[in-house]
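The values are calculated or read from the model by the stated rules, or taken from the named source; none is laboratory data. Quick caveat: nothing in here was measured; it's all calculated off a predicted structure. So basically every Cβ, Gly included, is an ideal-geometry build from the backbone, and we count neighbours across all protein chains shown. The accessibility values were calculated without ligands, DNA or RNA, using every heavy atom of the protein model including side chains. Shrake-Rupley method; radii C 1.70, N 1.55, O 1.52, S 1.80 Å.
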Amino acid sequence: MTFSEETSVSTKRSNHPSDGIDFAPLGFNESTSSSQPSGRSVDIVRFTLTHWPKMAVGFLAGIVLGVIFYIYSGPRYDASTRILVSKLASTPLQQGEATTYGDRAEHVEIIKSAVIVQRAYEKHNLGELPTVGVSDDAVRDLIEGLKVKRSAGQDRSFLNFFDISFQSRSKKDAAAVIAAVVDAYDEYLAETRKEQSTEVLTLIEQADVKLQKEIDDLKAKYREFRREAPILFQNPVGQVTSSGGQIATPPNHYMARVDDLHKVERDNIKRRNAIEAQIEVLTEMIKEGESRQAIEQYVMMSMSQQGGSEGGSGGTTTNPLLIVKPSKERLDEKLLLAKIREAELLHHLASDHPDVQKKRKEIQGILEAYYAEGLVPPQFGTFSDTQATTRLEREGVDLASIYLRFLNEQLKQLDYSDEAVRAQLKDAIAQAKEASDYEVIEKQLSDDLQAKQALRDGVAKQLQLTDITKEQTGYRMKQISDIVVELSIKRILKIVGAFGILGALCVFAYRYFTEWQDMSLKSLDEVRRYTNSSVMGAVPHFVVDPRARDLDSSGLSEALTYYHRPGSREAEAYRSVRTTLFFSTAPKNERVIQVSSPEPGDGKTTSIANLAVAVAQSGKRVLLIDGDLRRPTIHGLFNLPQHVGLSDVLRREVEWMNAVRPTEIDGLFVLTAGDTPDNPAELLSTSDLSSTLKAARGEFDYVFIDTPPILAVSDPCIISPHVDGMVLVVRMQKNKRPAVIRTKDILDSHGVQVYGIIANDMGTDESTGENYDAYAGYYNTGRSQQPIDTRTAKDAEPALTHEG
């Protein structure tokens, strides 16, 4: 593959989804697929622990700036006072009221409202104050600067305490504002109480007038109903018959008339039974042939009893609705009976006796009744008791027949009375039913009138109560502490603290976004994630002293730290890489290993040189080939001449064994790059490279080839088919994630076997366990005084040979 083709592949691979920036400010954004690792994110906890010293410096710098700002802006003074807002106690007339008084939290908003502040501003001329009048909208500034909070009490408490404070550059102005606000609020509460009382009284009075009008309308409707009702009411229209001004429903006299007619009906039945009994007895006496004298005595006795009964009742019914016209027979009976009684009295008494005179007056009354009815009385004459029978006989009067006729006539009168009573009872029942319907309507009107009257009485009582207690309602305010003015310490703490926190946050934000935008590799976990390969070892950062070569007799570069400082951290890291490489290549007896990196400057040449030294000192025969024909550096590390090297071998100007040079290290041989050719890619593409590597495979235990960076040129991809595998070197804090991902894609597309990754220039990080300083007691940073005996090393590590 040519260089242009490789560049095209790299460009396509750069569109990998993970090349973008992943912003995850709360921690790592783990990938769900190993083939497509996620972008880098910042772990907040680890980041904060790492950069806390810088944040502390930013905090201190912020504090200094805060102090400067406070001095420049000048001091502020807080004026404060405390007020008591209470609800007046209920009077005895208000004992029926609810005991809750509503919420108190609204006082905080009212005090800070434009109504109160505007009133205070205008009444107390706050605009003339130096610190207030300079503002374009002084009222709004006062509202924003005013602080009100409830310090004691609850929403339903009887008493509540409120703290009012205001901050200003002037002590005098701050105190003046507080005094003005307190006075304005007290005045507002007084006006509110008066307005509420007036409003309540007005509403109650309106309700009272409305109810009175409704009551008058109902009364008029009630009177009109009674006037137009077809039935008669006993009490006058609109008459009040009960206490309290209520209209009482009159009794239904139509039902009383029905009861009277039923009583008359029962009385007629009794009379009929008595008369029929007398007729039956008298008829029986006549049939049995009783003497005339006995029959007449019976008649006289019955008539005497009948007269006494009628005298007690007045001789007529007392029912005013039953009018029965007296008949001539009835008057004849009465006249006959009165005459016989007169005769009996004259038999025993003188004619001027009072009883006789009374009886004669009765007879005179009966006669007048005859005349009043236009009847002619019979002529019985005057007779004494001894002459009564002879006289009656001589006059042709049969007393028994007359009495029987009289009793039968009474039965006929009773029949007439019963018929009249039934007719009147039917009419009375109909009238009673009609009256009952009207009574229902009257009762409804009466109840409505009573309800309205009761409601109006309650309103009148409430009106009286409100008028009496209008000064005992609403809220009262009392200032219970003097206005205190003091320097605002809280403002100093707030300014200094805010600037300090702002400084720390600025440092945090700067470092955070710097860290977030930095796409370089930061940890071994990222190396594994973006390469999808294991880490063979992590080489810590070390510094090479260029003057050390002059002091060393071997002439080897100071960069060969494994040779010069075998007890150092770096040497131990290369041992770890060597051990991992042995285990990776042992199963297939793989010997030819290519070493490359994504970009120039990753330290691949230093890493492969130290790895070759480490393998050689373990007793292996190692050939190190400088395959970077563009920028060769291997010869400089081992203090060897560059000419006569790989390029000469590939041009067939020299045999490869003649171009191999020994080094100061036993078992390590170097094939330098030779003279730099004009066409390195085409030179590497010849078949001589493959034959050379096959020949070297038979002569050496391990053959390491240093090749150019993968993303720079196509040389590594040309060499990769002729080797067993590759060790990839990445440099921490340098290689970007997109570059590593593109490198991985290129290697995958060419089927290159990657044994693992060497993480070069690794920093210390205790949070990930990558801190070599924690094990400093195990390392020796001194220089080596004598070379290592390869036989001793070989005996010490018998298990690490390529045979496994």
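From the residues in segment 223-245 that are modelled with pLDDT under 80 and part of a helix (DSSP H, G or I), which one is farthest from VAL459 (Cα to Cα)?
GLU228
Given the condition over 30 Å from TYR77 (Cα atoms) and out of contact with any Gly (no Cβ under 7 Å at 6 or more places or on another chain), answer yes or no: does some residue in segment 498-509 qualify?
Scanning segment 498-509 turns up at least one residue that is over 30 Å from TYR77 (Cα atoms) and out of contact with any Gly (no Cβ under 7 Å at 6 or more places or on another chain).
Anything in segment 356-376 that is assigned to a helix (DSSP H, G or I) and either at pLDDT below 80 or open to solvent by 80 Å² or more (accessible area, probe 1.4 Å) (or both)? List them, or say none.
Across segment 356-376, the qualifying residues are LYS358, ARG360, LYS361, GLU362, GLN364, GLU368, TYR371, ALA372, GLU373.
Cβ-Cβ under 6 Å, sequence separation 6+ or interchain: first residue in segment 125-150 and among the polar types (S, T, N, Q), partner part of a helix (DSSP H, G or I) and surrounded by 13 or more Cβ atoms within 10 Å (Cβ to Cβ). Which pairs?
Correct list of pairs: THR131/ASP173; SER135/ASP141.
Taking into account only those residues within segment 579-593 that are open to solvent by 30 Å² or more (accessible area, probe 1.4 Å) and in contact with a strand residue (DSSP E or B) (Cβ under 8 Å, 6 or more places away or on another chain), which is nearest to ARG631 (Cα to Cα)?
Checking each candidate, the answer is ARG591.
Could you say which residue among ASP163, ASP141, ASP173, ASP183 is under 25 Å from GLU486 (Cβ atoms), under 38 Å from the mean Cα position of the chain (by Cα) and in a helix (DSSP H, G or I)? Steps first, answer last, please.
Numbers: ASP163 fails: in a helix (DSSP H, G or I); ASP173 fails: under 38 Å from the mean Cα position of the chain (by Cα); ASP183 fails: under 38 Å from the mean Cα position of the chain (by Cα).
Testing whether each residue is under 25 Å from GLU486 (Cβ atoms), under 38 Å from the mean Cα position of the chain (by Cα) and in a helix (DSSP H, G or I) leaves just ASP141.
Among the residues in segment 388-403, are any in a helix (DSSP H, G or I) and modelled with pLDDT of 80 or more?
Initial filter on segment 388-403 (in a helix (DSSP H, G or I)): 388-394, 399-403.
Next cut, modelled with pLDDT of 80 or more only: none.
No: segment 388-403 contains no residue that is in a helix (DSSP H, G or I) and modelled with pLDDT of 80 or more.
Taking ARG491 and the conditions (1) under 19 Å from GLY66 (Cβ atoms); (2) open to solvent by 70 Å² or more (accessible area, probe 1.4 Å); (3) modelled with pLDDT under 85, which numbered condition does it fall short on, given that it satisfies the others?
ARG491 satisfies all of (1) under 19 Å from GLY66 (Cβ atoms); (2) open to solvent by 70 Å² or more (accessible area, probe 1.4 Å); (3) modelled with pLDDT under 85 except (2).
Where residues in segment 38-66 are surrounded by 15 or more Cβ atoms within 10 Å (Cβ to Cβ) and modelled with pLDDT of 85 or more, which of them is farthest from ALA176 (Cα to Cα)?
Once the filter is applied, the top-ranked residue is MET55.
How about segment 693-733: which of its residues are out of contact with any strand residue (DSSP E or B) (no Cβ under 6 Å at 6 or more places or on another chain) and in a loop (DSSP other than H, G, I, E, B)?
Passing the criteria: ASP701, PRO708, PRO709, LEU711, ALA712, VAL713, SER714.
Going by the structure shown, is GLN444 more than 41 Å from the chain's Cα centre (by Cα), under 30 Å from GLN733 (Cα atoms) and surrounded by fewer than 13 Cβ atoms within 10 Å (Cβ to Cβ)?
In short, no.
With the requirement that a residue be open to solvent by less than 60 Å² (accessible area, probe 1.4 Å) and either in contact with a strand residue (DSSP E or B) (Cβ under 9 Å, 6 or more places away or on another chain) or within 29 Å of ARG223 (Cα to Cα) (or both), what does segment 395-429 give you?
Answer for segment 395-429, where residues must be open to solvent by less than 60 Å² (accessible area, probe 1.4 Å) and either in contact with a strand residue (DSSP E or B) (Cβ under 9 Å, 6 or more places away or on another chain) or within 29 Å of ARG223 (Cα to Cα) (or both): just ALA428.
Considering only residues that are open to solvent by 80 Å² or more (accessible area, probe 1.4 Å) and not in a loop (DSSP other than H, G, I, E, B), which ones fall in segment 642-682?
Passing the criteria: MET657, ASN658, PRO662, GLU682.
Read through the list (1) surrounded by fewer than 20 Cβ atoms within 10 Å (Cβ to Cβ); (2) modelled with pLDDT under 85, then give the number of the only condition that VAL535 fails.
For VAL535, the exception is condition (2).
Which residue is modelled with the highest pLDDT, if the candidates are limited to segment 464-479 and must be surrounded by 13 or more Cβ atoms within 10 Å (Cβ to Cβ) and closer than 10 Å to ASP186 by Cα?
Here the residue is GLN479.
Within the set of pairs 6+ apart or on separate chains, which have a first residue in segment 445-458 that is acidic (Asp, Glu), a second that is in a helix (DSSP H, G or I), and C-beta atoms under 8 Å apart?
Pairs found: ASP448/LEU218.
When you scan segment 594-635, how many residues do you find that are open to solvent by 30 Å² or more (accessible area, probe 1.4 Å) and of a type outside the set (D, E, K, R)?
The number of residues fulfilling the criteria is 5.
Assuming PHE513 fulfils every condition listed in (1) over 24 Å from ILE757 (Cα atoms); (2) touching a residue at least 60 places away in the same chain (Cβ under 8 Å); (3) not polar (S, T, N, Q) apart from one, which condition is it?
PHE513 satisfies all of (1) over 24 Å from ILE757 (Cα atoms); (2) touching a residue at least 60 places away in the same chain (Cβ under 8 Å); (3) not polar (S, T, N, Q) except (2).
Would you confirm whether or not segment 104-127 contains a residue that is surrounded by 15 or more Cβ atoms within 10 Å (Cβ to Cβ) and at pLDDT below 80?
yes
Just one of LEU146, LEU189, LEU142, LEU218 is among the aliphatic types (A, V, I, L, M), closer than 30 Å to GLN450 by Cβ and open to solvent by less than 60 Å² (accessible area, probe 1.4 Å); which is it?
LEU218
Return a yes/no flag: does segment 21-33 have any residue that is at pLDDT 50 or above, over 30 Å from PHE161 (Cα atoms) and in a loop (DSSP other than H, G, I, E, B).
No, every residue in segment 21-33 fails to be at pLDDT 50 or above, over 30 Å from PHE161 (Cα atoms) and in a loop (DSSP other than H, G, I, E, B).
Looking only at segment 685-694, decide whether some residue is among the polar types (S, T, N, Q), within 24 Å of VAL535 (Cβ to Cβ), modelled with pLDDT of 90 or more and open to solvent by less than 50 Å² (accessible area, probe 1.4 Å).
No: segment 685-694 contains no residue that is among the polar types (S, T, N, Q), within 24 Å of VAL535 (Cβ to Cβ), modelled with pLDDT of 90 or more and open to solvent by less than 50 Å² (accessible area, probe 1.4 Å).
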